[in-house]
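Bear in mind these aren't lab numbers, they're just calculated from the coordinates by the rules spelled out. In this text, all values refer to a predicted model and were calculated from it rather than measured experimentally. Cβ placement follows ideal geometry from the backbone for every residue including glycine, while neighbour counts extend to all protein chains displayed.
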């Protein structure tokens, strides 16, 4: 059953006259205009959807729909991996300038690093490649460096109750064995808000993370219909029939964090287009200008 039909039935049952200004699982009172804007777009979703919108400066939750639904994380989990790497840098256990060897056996042909002959990179370069190009070779090397247990311990300590790292990127045998990486829109909203507020670790280390996220090269979802010069600190994730985006929008005077998760979609292309249109709707409603 498509999301439009499900959503219509849900709204009819709850509100009696269709979707109005808040969703059933809102964790805070949504601003009516923002809620109306988002809910006008939800019936267009090509599958299941979760949306969270948070005002960056205050941390106020402006909108929430299916926020706590646990889903495969795809590449959004890389933000948590980066967070653990930067925590270790902050603690003096690692240095962004140290050289990291990338063994030939670790190179994946789907990644840029996997196609290059170079055998070692700075930690900074690997982190940048993991974020801005979602490079899976870089990610797997960093998972080995950070360790899955410390990454998960950090997530638990941050209150990311639906998030877990259980396998490396493209490890389909692990996935078949039931080891999947998971998160929720609420967890990624929480993580990105802490980074954006520069409260995850030191302000300086958070700024390094933000600089990397600001350089994100994926423009197929959040930035699909946006002004070319708009800076968004964001991370996307994609699997078959699943598309996620989470990011900080630097709208002057009204910065916000938006997270949109989709799964069981009719197609990835449809999901990316939906996320792009919803992102544009929110951008305009939050005072963004072209």
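General observations
- Placing a label point 7 Å from the Cα of residue 281 along the Cα-to-Cβ direction, the residues of the stretch 46-76 with a backbone N closer than 17 Å are 46-54, 62-67.
- Using the rule -39500 (n - 2.57) for each DSSP H run of four or more residues, divided by the residues of the chain, the 222 nm mean residue ellipticity is -12000 deg cm²/dmol.
- With Cα atoms, 0 to 90° folded angle of helix 268-285 axis to the chain main axis: 70
- For the stretch 74-162, the alpha-carbon radius of gyration amounts to 1.06 times the rule-of-thumb value 2.2 N^0.38 Å expected for a compact globular protein.
- Helix 77-90 and the longest principal axis of the C-alpha atoms of the chain enclose an angle of approximately 50°.
- Convex hull of Cα atoms in the chain, direction-averaged projection (nm²): 14.9
- Given R0 = 30 Å, the distance between the Cβ atoms of residue 117 and residue 217 translates into a calculated FRET efficiency of 0.85.
- Distance between modelled label sites at residue 289 and residue 60, nm, 7 Å Cα→Cβ extension: 2.2
- Principal-axis analysis of the Cα atoms of the chain puts helix 136-146 at an angle of about 70° to the longest axis.
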